[in-house]
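Working notes for the structure below.
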Amino acid sequence: MRERMKDNVARYSTAKLKEQADKTMFRARREVEINGNGTTGYVIKEGPQKGLVLRHIKIEPKNI
């Protein structure tokens with residue numbers, strides 16, 4: 001019985017740590033806006049780097 005309880009506590013502890021890490025990562029992410037201000041890329045919405053284009057979206061042409 002003691003071993004089973006120890007396993008349950010260990011699993012619960014690990015799950016709580018993972019959940020806390022996920023919440024921290026979710027809060028720390030930067031918001032991006034696709035096609036913001038007429039650009040064809042990902043633009044940061046808020047923060048000190050507002051308006052910065054992270055990456056342009058390139059569509060490969062299809063040759064017929």
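Numbers below:
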{"item": "Cross-link reach list, lysines versus K6, counting only Cα pairs under 29 Å and skipping chain neighbours closer than eight places", "result": "K16, K18, K23"}
{"item": "Stretchable slack from R4 to E60, in nm (0.36 nm times residue separation minus alpha-carbon distance)", "result": "14.5 nm"}
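Computed from the coordinates by the stated procedures, all read-outs in this text should not be read as laboratory data. Since this is a predicted model, take the numbers as computed values, not measurements.
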